[in-house]
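Participant: Quick one: structure below, then a few questions.
The values are calculated or read from the model by the stated rules, or taken from the named source; none is laboratory data. Everything quoted here is computed from the prediction, not taken from an experiment. Cβ: placed from backbone, ideal geometry, glycine included. Neighbour counts: every protein chain shown.
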Amino acid sequence: MTQPGHNLPPDPLDAEAGIVVTDAFRRFRQRDDVFTRAFWDDTVHSKQTDAFFASYRIDATPRKGEGFQQKDFALRNAAWLVSDIVSNRSAGEGVREGFQAPIRPDTPVAPVQVAVDDPARMAGEIKRVAAFFGADLCGITAFDPRWIYETQVDTRDFSDAPVELPPGMTSVIVLGHQMDQPLVQTYPSALAGAATGREYSHEAAIVMQLAAFIRNLGYEAVASMNDTGLVIPYAVKAGLGEYARNQLVITPEFGPRLRFSKIFTNLPLAHDAPKPLGVKAVCDICTRCADACPVKALPFGAPSEATPNRSAIRGVVKWTSDAEKCFGYWAKLASDCAICLRVCPFNRDFSKRRNRLWLKLALSPFRRLALWLDDRSGRAKRMKPRDWWGA
């Protein structure tokens with residue numbers, strides 16, 4: 001059924017990907033993202049949110065509590081450096097690249113196109129190049145306009161701005177970037193924020209390099225991080241993982257411990273298929289993330305169309321967090337919180353055989369036994385930041 005007022009038909013792969021879209025669907029305006037609202041919406045903006053954003057610069061103030069000392073903030077902020085350089089380079093034009101606008105290309109499109117006779121072979125080569133540049137995962141799916149933001153943001157006044165993609169985009173290349181597991185175990189802390197910042201810096205470099213490679217082949221390629229569209233539906237459709245109660249994509253390689261970036265392109269590429277793992281069946285009976293959330297921002301119960309506030313997309317049946325509560329806690333911490341990631345039973349090192357065996361059990365009818373074993377393993381326990389520094 002065509003989405004009313006938007007002329008955006010459903011995708012036949014929706015059911016396989018676990019995506020349920022209703023007649024109430026509306027594309028998301030990036031201006032309503034809670035991080036963007038913190039700059040213009042008085043119901044979200046506060047002195048605490050100002051201090052939160054300021055803490056990512058040199059004026060970070062140490063606070064009481066282990067993991068929030070000057071060296072912890074120093075490592076976190078240094079980890080963000082490359083991403084910050086990219087995102088700030090066009091700030092004077094109201095463009096925050098990689099966050100409220102796509103990353104501007106530094107490489108022109110070559111005037112002569114490399115002929116692509118075999119899209120499947122080209123897809124394999126793209127994945128090889130992505131791995132060469134440092135991506136941990138790569139999947140490819142069809143361009144789906146439903147997940148493109150209705151509008152993006154001019155950061156000079158936080159007004160709506162048009163999303164400008166070249167015409168004829170046919171594919172979305174989704175890249176996964178693994179977060180450091182020991183650092184993740186120290187959440188909540190400013191120190192743990194270095195795991196996030198490092199991957200944003202990594203993905204900024206990787207996504208720009210891969211886009212430059214494609215442009216050198218003579219095709220359009222738009223490098224994108226948090227901007228332009230919602231990456232989770234693309235990641236799920238590209239076969240990288242499955243959506244979970246904690247609002248993250250669970251992958252068989254790294255669980256939820258990933259950041260994602262993407263490239264929009266017209267390069268002829270074969271597309272991957274969604275790969276349902278059985279994660280939803282686990283999330284249906286597991287509420288560890290919701291139980292652990294300090295401000296109860298994560299949902300209990302079944303997926304629904306519920307939208308706690310304007311920072312949730314309308315017309316999609318899924319687990320949806322209360323972004324205002326979540327970000328309010330981030331502001332209080334002066335750093336990001338990913339307790340929900342740390343406690344997730346899928347947050348494991350799957351290079352180890354015992355964890356691969358646990359995964360097999362979790363994705364089987366014996367999932368309750370897997371959760372029982374996880375509860376007794378001590379895996380989710382927070383690492384003390386001093387232990388990370390002393391490791």
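Participant: Taking region 292-317, which residues are in contact (Cβ under 8 Å) with a residue 24 or more places away in the chain and either charged (D, E, K, R) or more than 18 Å from Tyr329 (Cβ to Cβ) (or both)?
Facilitator: Result: Lys296, Pro303, Glu305, Arg310, Ile313, Arg314, Gly315, Val316, Val317.
Participant: Using the structure shown, decide if Pro299 is crowded, with 21+ Cβ neighbours inside 10 Å and either more than 18 Å from the chain's Cα centre (by Cα) or in a helix (DSSP H, G or I) (or both).
Facilitator: yes
Participant: Report yes if Leu240 is out of contact with any strand residue (DSSP E or B) (no Cβ under 6 Å at 6 or more places or on another chain), crowded, with 22+ Cβ neighbours inside 10 Å and more than 22 Å from Ala302 (Cβ to Cβ), otherwise no.
Facilitator: no
Participant: If you check Arg259 against the conditions, is it part of a helix (DSSP H, G or I) and surrounded by fewer than 24 Cβ atoms within 10 Å (Cβ to Cβ)?
Facilitator: Spelling it out, it is not the case that Arg259 is part of a helix (DSSP H, G or I) and surrounded by fewer than 24 Cβ atoms within 10 Å (Cβ to Cβ).
Participant: Assuming Asp154 fulfils every condition listed in (1) charged (D, E, K, R); (2) under 17 Å from the mean Cα position of the chain (by Cα); (3) farther than 30 Å from Pro119 by Cβ apart from one, which condition is it?
Facilitator: Going through the list (1) charged (D, E, K, R); (2) under 17 Å from the mean Cα position of the chain (by Cα); (3) farther than 30 Å from Pro119 by Cβ, Asp154 breaks only (2).
Participant: Look through Asp291, Asp272 and report the one residue that is assigned to a loop (DSSP other than H, G, I, E, B) and among the charged types (D, E, K, R).
Facilitator: Checking each option against the conditions leaves just Asp272.
Participant: Right, here's the next one. Counting only residues that are touching a strand residue (DSSP E or B) at 6+ places or on another chain (Cβ under 8 Å) and among the polar types (S, T, N, Q), which one in region 89-110 is surrounded by the fewest Cβ atoms within 10 Å (Cβ to Cβ)?
Facilitator: Step by step, filter region 89-110, then rank; the result is Ser90.
Participant: Which residue is farthest from the chain's Cα centre (by Cα), if the candidates are limited to region 164-203 and must be among the polar types (S, T, N, Q) and assigned to a loop (DSSP other than H, G, I, E, B)?
Facilitator: Across region 164-203, the extreme among qualifying residues is Thr170.
Participant: Determine, yes or no, whether Ala51 is out of contact with any strand residue (DSSP E or B) (no Cβ under 9 Å at 6 or more places or on another chain), surrounded by 13 or more Cβ atoms within 10 Å (Cβ to Cβ), in contact (Cβ under 8 Å) with a residue 40 or more places away in the chain and within 30 Å of Asp387 (Cβ to Cβ).
Facilitator: yes
Participant: Restricting to region 118-145, give me the number of residues that are farther than 16 Å from Gly176 by Cβ and in a strand (DSSP E or B).
Facilitator: Number satisfying all stated conditions: 1.
Participant: Go through region 119-165 and give me each residue that's touching a Gly at 6+ places or on another chain (Cβ under 9 Å), surrounded by fewer than 16 Cβ atoms within 10 Å (Cβ to Cβ) and within 30 Å of Pro252 (Cβ to Cβ).
Facilitator: Listed by number, the list holds a single entry, Pro145.
Participant: Report, by residue number, each residue of region 272-296 that is at pLDDT 95 or above, out of contact with any Leu (no Cβ under 9 Å at 6 or more places or on another chain) and surrounded by fewer than 23 Cβ atoms within 10 Å (Cβ to Cβ).
Facilitator: Lys280, Asp284, Cys293, Pro294, Val295, Lys296
Participant: So which helices (runs of 4 or more DSSP H) stay within region 316-391 end to end and still have 1 or more residues that are of a type in the set (Asp, Glu)?
Facilitator: 323-333, 367-375, 385-390
Participant: Across region 209-221, what is the number of residues that are surrounded by 24 or more Cβ atoms within 10 Å (Cβ to Cβ) and touching a helix residue (DSSP H, G or I) at 6+ places or on another chain (Cβ under 9 Å)?
Facilitator: Total satisfying the criteria: 3.
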